[in-house]
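A.B. asks: Here's a structure for you.
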Amino acid sequence: MEEVLDVPLTPGLTAVLIGDVTLPLAPAVVAAMRELIPAVQDFCGCRLCVEDVYAIALNSLPAHYVQSGSLVLRRAPPSDDDVQRAVADALDRVRVRPNHPDVPDAS
Ligand SMILES: [Zn+2]
């Protein structure tokens, strides 16, 4: 999906196409979620909770965006341990305080 950031920027530059900006950490976060979620016994596992874990984990990691065009701003990427810790912390947070009322046990 292509997005245009059309706010006043620097003189002569009125818009930036940001559709090619990717989140390089997203695959690592998803991989860590695949690994860690099955090990958490009382994790709700509904779509909202899964999305919350994904968002919280990504937001807790340092920004590491890579643009496919001319500018690449890069810090040392978080290590695998950093990503695992971020996902584990997000899982614990959502498990303890899901962002929805309790739902009846489906079993
Ligand atoms: Zn849930």
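A.B. asks: In the set 85, 34, 75, which member is at pLDDT 90 or above, more than 16 Å from the ligand (Cβ to nearest atom) and among the basic types (Lys, Arg)?
C.D. replies: Result: 85 is the single residue among 85, 34, 75 that is at pLDDT 90 or above, more than 16 Å from the ligand (Cβ to nearest atom) and among the basic types (Lys, Arg).
A.B. asks: Would you call residue 15 small (Gly, Ala, Ser) and at pLDDT 85 or above?
C.D. replies: no
A.B. asks: On the given criteria, is residue 58 modelled with pLDDT of 90 or more, outside any loop (DSSP other than H, G, I, E, B), buried (at least 16 other Cβ atoms within 10 Å of the Cβ) and in contact with a Leu (Cβ under 7 Å, 6 or more places away or on another chain)?
C.D. replies: Taking the combined requirement at face value, the residue does not satisfy it.
The values are calculated or read from the model by the stated rules, or taken from the named source; none is laboratory data. Just so it is clear, the structure is predicted and the values come from calculations on it, not from any experiment. Glycine gets a Cβ as well: all are built from the backbone with ideal geometry, and neighbour counts include every protein chain shown.
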